[in-house]
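What follows is one structure encoded as structure tokens, with my remarks underneath.
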Amino acid sequence: MSGIEVFADRLDSYLEPDQVNLVRRAYFYAEQAHDGQTRRSGEPYVTHPLAVAGILAEMHMDHQSLMAAMLHDVIEDTGIPKQALEKQFGETVAELVDGVSKLTQMDFDTKAEAQAENFQKMALAMARDIRVILVKLADRLHNMRTLHFVKAEEKRKRIARETMDIYAPLAERIGLERFKNELEDLAFAEL
């Protein structure tokens, strides 16, 4: 049985069949969009969005969040525009994916600037839809779980520091203690 089918079976325990089919459809769209792309581990890229959705499914998140998790890198990494996602999956899913993409594109020169501006932008994103933050935190958590595949030590340390300074405190702020603890543990191990 394929990864998406195992995942869909898990979703059957709390989502309606039509919702599970929408999540499945988002997976196949992401698989096609990321065709030919691989992770640093050598695995097909689509394993990452599937893992991010898996993290959210552990929290019994709704089907739109899971669809956004499947599609969260499509705008940024494949050149497929938000409008195409909106046409395929609706405005809500497209907005979630776009929100995650915007958070991913933030880049900062100093730690103070990163904390202040990142929290500000994340708070704005939260005001629209907290699910954007949840998808982004699940994305970061999976990336931290696979950080050992990044060869450049300097890059691993930068990602770990950013996780400690920005993402772990954010997880704590919104009450995701398990996320905070695992993010800190993974970042600390790298630092």
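The values are calculated or read from the model by the stated rules, or taken from the named source; none is laboratory data. Because the structure is a prediction, the values reported are computed rather than measured. All Cβ positions, glycine included, derive from the backbone under ideal geometry; neighbour counts span all protein chains shown. All accessible areas refer to the heavy atoms of the entire protein, side chains included, with ligands and DNA or RNA removed. Shrake-Rupley method; radii C 1.70, N 1.55, O 1.52, S 1.80 Å.
Here are some conditions: (1) at pLDDT 95 or above; (2) among the acidic types (Asp, Glu); (3) within 22 Å of Gly42 (Cα to Cα). Glu91 meets all but one. Which one does it not meet?
Condition (3) is where Glu91 drops out.
Within region 147-170, does at least one residue satisfy the condition of being among the β-branched types (Val, Ile, Thr) and open to solvent by 30 Å² or more (accessible area, probe 1.4 Å)?
no
Please go through region 170-191 and pick out each residue that is of a type in the set (Gly, Ala, Ser) and under 15 Å from Lys136 (Cβ atoms).
Ala171
Here's a check for you: in region 126-146, which residue that is open to solvent by less than 20 Å² (accessible area, probe 1.4 Å) and in contact with a His (Cβ under 7 Å, 6 or more places away or on another chain) is nearest to Thr47 (Cα to Cα)?
Asp139
Which fully enclosed helices (runs of 4 or more DSSP H) of region 1-80 have 3 or more residues being open to solvent by 10 Å² or more (accessible area, probe 1.4 Å) and farther than 22 Å from Leu147 by Cβ?
Filter on region 1-80 gives 3-11, 17-33.
What pairs come up if the first residue lies in region 91-104 and is within 12 Å of Arg131 (Cα to Cα) and of a type in the set (Ser, Thr, Tyr), the second is open to solvent by 20 Å² or more (accessible area, probe 1.4 Å) and not in a helix (DSSP H, G or I), and their beta carbons are under 9 Å apart, counting only those six or more places apart or on different chains?
Listed pairs, sorted by first residue: Thr92/Asp129.
For residues in region 81-109 being open to solvent by 70 Å² or more (accessible area, probe 1.4 Å) and part of a helix (DSSP H, G or I), which is nearest to Ala26 (Cα to Cα)?
Residues of region 81-109 open to solvent by 70 Å² or more (accessible area, probe 1.4 Å): 83, 86-88, 91, 102, 105, 107, 109.
Still in the running and part of a helix (DSSP H, G or I): 83, 86-88, 91, 102.
Values: Gln83: 15, Glu86: 12, Lys87: 12, Gln88: 9, Glu91: 14, Lys102: 20 Å.
For region 81-109, the residue satisfying everything is Gln88.
Has region 174-186 got any residue that is free of Cβ contacts under 8 Å to residues at least 40 places away in the same chain and open to solvent by less than 10 Å² (accessible area, probe 1.4 Å)?
no
Tell me yes or no: at least one residue of region 153-172 is part of a loop (DSSP other than H, G, I, E, B), among the β-branched types (Val, Ile, Thr) and out of contact with any Cys (no Cβ under 7 Å at 6 or more places or on another chain). Explain how you work it out, then say what you get.
We begin by selecting, within region 153-172, every residue part of a loop (DSSP other than H, G, I, E, B); these are none.
Among the residues of region 153-172, not one is part of a loop (DSSP other than H, G, I, E, B), among the β-branched types (Val, Ile, Thr) and out of contact with any Cys (no Cβ under 7 Å at 6 or more places or on another chain), which makes the answer no.
Check Gly175 against each of (1) closer than 23 Å to Ser41 by Cβ; (2) not in a helix (DSSP H, G or I); (3) not β-branched (Val, Ile, Thr) and name the one condition it does not meet.
For Gly175, the failing item is (1).
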